[in-house]
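See structure below.
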Amino acid sequence: MRGFGFLEHGGPERLAYVEIPEPAPGPGEVRVRVGAAAFNRLDRFTLEGIPGVTVDRPHVLGSDGSGTIDRLGDGVSGLSVGDRVLLNPGLWDGTCEACRAGREALCRDYRILGEHTQGTATEFVLIPRRNVHPLPEGWSFAQGAAAPLVFQTAWRALSTVAEVRPGETVAIIGAGGAVATAAVQVAKALGATVVVVGRSPEKQERVLALGADAFVVADGARKLDRALWEWSGKRGVDVVFDSVGAPTLPLSVRSLARGGRAVVIGATAGPKVELDVRTLFWRQASIRGSTMSGPGEFEAVLERLRRGALRPVVDSTFPFTEGSRAFARLDAPELFGKVVLLGPP
Ligand SMILES: [Zn+2]
């Protein structure tokens with residue numbers, strides 16, 4: 001079957017349509033005919049090659065997906081061929097110490113669909129039964145592919161890891177990335193006052209429409225710590241949600257109030273930072289890392305999506321044959337939400 005991915009690691013010039021064998025579901029697995037896949041920054045890192053992660057090549061990209069159940073492996077119950085579903089891309093082994101303690105997000109062998117396995121940008125995808133959930137009523141496949149990775153990431157990071165409490169202030173760094181559009185909504189759902197830091201005012205209206213309370217602009221001349229310090233009346237913010245990494249994390253930490261938490265979920269602009277640790281102890285602040293989520297967190301955020309309290313934001317939808325154009329869209333300055341690639345017709 002045909003998939004969109006790569007034969008050799010490298011830059012976008014390596015993106016290609018590849019042939020991989022049509023998979024057959026093993027015990028406890030479900031085969032889904034892909035209706036839509038969606039891309040994340042992670043797909044770019046997988047394309048470039050992540051140190052320590054070996055992928056089968058040819059490799060098909062895409063961690064997010066939705067579609068129709070096509071075949072059930074032995075022992076699968078509660079699902080039928082033809083069901084419309086969305087997929088949780090987080091793969092935990094269920095057997096390690098963390099999994100046995102109900103802390104699957106900390107699984108020793110945690111893997112991600114499309115990073116460690118063949119992904120969703122193809123005709124059929126195999127996935128464990130426990131990762132398959134009914135598509136919410138009235139949702140398109142594009143919406144179903146737009147929700148899973150970013151909403152579970154935002155939910156665990158803000159709810160479990162940063163421990164956001166009602167009435168706290170939360171700053172989201174970045175305005176248009178899909179994870180930011182999810183984090184704004186999740187922080188509001190947790191009862192926080194939310195400020196988004198963007199590089200230019202163009203996205204302000206859309207960010208406020210998602211529920212953010214404020215939008216501040218930070219760029220070379222006006223650093224984000226200065227912007228947040230002013231916005232908060234020189235108090236600092238309780239939580240900063242940072243997915244950018246090198247250029248922003250030191251400034252995020254400087255923006256924290258006493259007892260504040262900077263939660264790091266990615267490093268899209270680089271991994272190495274230099275920090276003044278005096279800020280940490282004097283403000284009794286902390287930096288916490290978070291990635292993906294466990295099944296309980298996935299259920300919690302999906303339940304809110306189902307009843308419309310949270311909404312996936314689709315930036316754009318591309319036909320299956322336009323994978324490279326879809327991938328390039330991740331870098332568009334006007335990006336706002338998820339980039340979706342429809343399944344093959
Ligand atoms: Zn485990």
In degrees between 0 and 90, to the nearest 10, how far off the longest principal axis of the chain does helix 178-189 point, with axes built from Cα atoms?
60 degrees
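Would you mind calculating the relative contact order of the stretch 108-210 from Cα pairs under 8 angstrom and at least 6 residues apart, reporting the percent as a whole number?
Working: 92 pairs, mean separation 21.5, N = 103.
It rounds to 21 percent for the stretch 108-210.
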Once neighbouring chains are kept in place and the probe is 1.4 Å, which whole percent of the accessible area of the stretch 73-166 is contributed by carbon and sulfur?
44 percent
With a 1.4 Å probe and every protein chain left in place, tell me how much accessible area LEU305 has, in Å² to the nearest 10.
10 Å²
I'd like the accessible area for LYS234: 1.4 Å probe, protein heavy atoms, all chains in place, Å² to the nearest 10.
150 Å²
Given 0.36 nm per residue, what is the gain on full extension from HIS9 to GLU202 after removing their alpha carbon distance, in nm?
66.0 nm
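How large is the accessible surface per residue of the chain, computed with a 1.4 Å probe and reported in Å² as a whole number?
Details: 14920 Å² over 345 residues.
With the other protein chains kept in place, the chain gives 43 Å² per residue.
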When the convex hull of its Cα atoms is projected in every direction, mean area for the stretch 22-122 (nm²)
7.1 nm²
Candidates THR160, THR291, THR120, ranked by Gaussian network fluctuation over the chain, Cα under 10 Å, top entry
THR160
What is the local net charge at VAL217, summed over the other residues whose Cβ is closer than 12 Å to its Cβ (Lys, Arg +1; Asp, Glu -1)?
+2
Quick one: length gained pulling PHE281 to ARG103 fully straight, 0.36 nm per residue minus the C-alpha distance?
61.2 nm
Find how many whole Å separate the alpha carbon centroid of the stretch 209-230 from the alpha carbon centroid of the stretch 273-345.
20 Å
May I ask for the net charge around LEU72, where only other residues with Cβ less than 11 Å from the Cβ of LEU72 are counted and Lys, Arg are +1 while Asp, Glu are -1?
-1
How much net charge surrounds PRO134 when only the other residues with a Cβ under 14 Å from the Cβ of PRO134 are counted, with Lys and Arg +1 and Asp and Glu -1?
+1
Between the modelled labels at GLU334 and ARG258 (7 Å from Cα along Cα→Cβ) the distance in nm is 4.7 nm
By how many degrees, between 0 and 90 and to the nearest 10, does the Cα long axis of helix 295-306 differ from the longest principal axis of the chain?
90 degrees
Would you mind working out the magnitude of the charge dipole of the stretch 196-345 relative to its Cα centre, with +1 at each Lys and Arg C-beta and -1 at each Asp and Glu C-beta, to the nearest 20 Debye?
420 debye
Based on the Cβ-Cβ distance from GLU230 to ALA209, what FRET efficiency comes out when R0 is 25 Å, to the nearest 0.05?
0.60
Which order do THR193, THR279 take when ranked by solvent-accessible area (1.4 Å probe, heavy atoms of all protein chains), largest first?
THR193, THR279
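With N set to the residue count of the stretch 73-223, report its C-alpha Rg divided by 2.2 N^0.38 Å to two decimal places.
With N residues counted in the stretch 73-223, Rg over 2.2 N^0.38 Å equals 1.23.
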Low-density loop GluC sites (Glu not before Pro), the stretch 130-181, at most 14 other Cβ within 10 Å, DSSP non-H/G/I/E/B, are GLU137, GLU163
Of the convex hull drawn through the C-alpha atoms of the chain, the volume per residue in Å³ is 135 Å³
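The values are calculated or read from the model by the stated rules, or taken from the named source; none is laboratory data. Note that this is a predicted model, so its numbers are computed, not measured. Methodologically, a virtual Cβ is constructed for each residue, glycine included, from the backbone with ideal geometry; neighbour enumeration extends over all protein chains shown. Side chains are part of the model used for accessible areas, which takes the heavy atoms of the whole protein and leaves out ligands, DNA and RNA. Shrake-Rupley method; radii C 1.70, N 1.55, O 1.52, S 1.80 Å.
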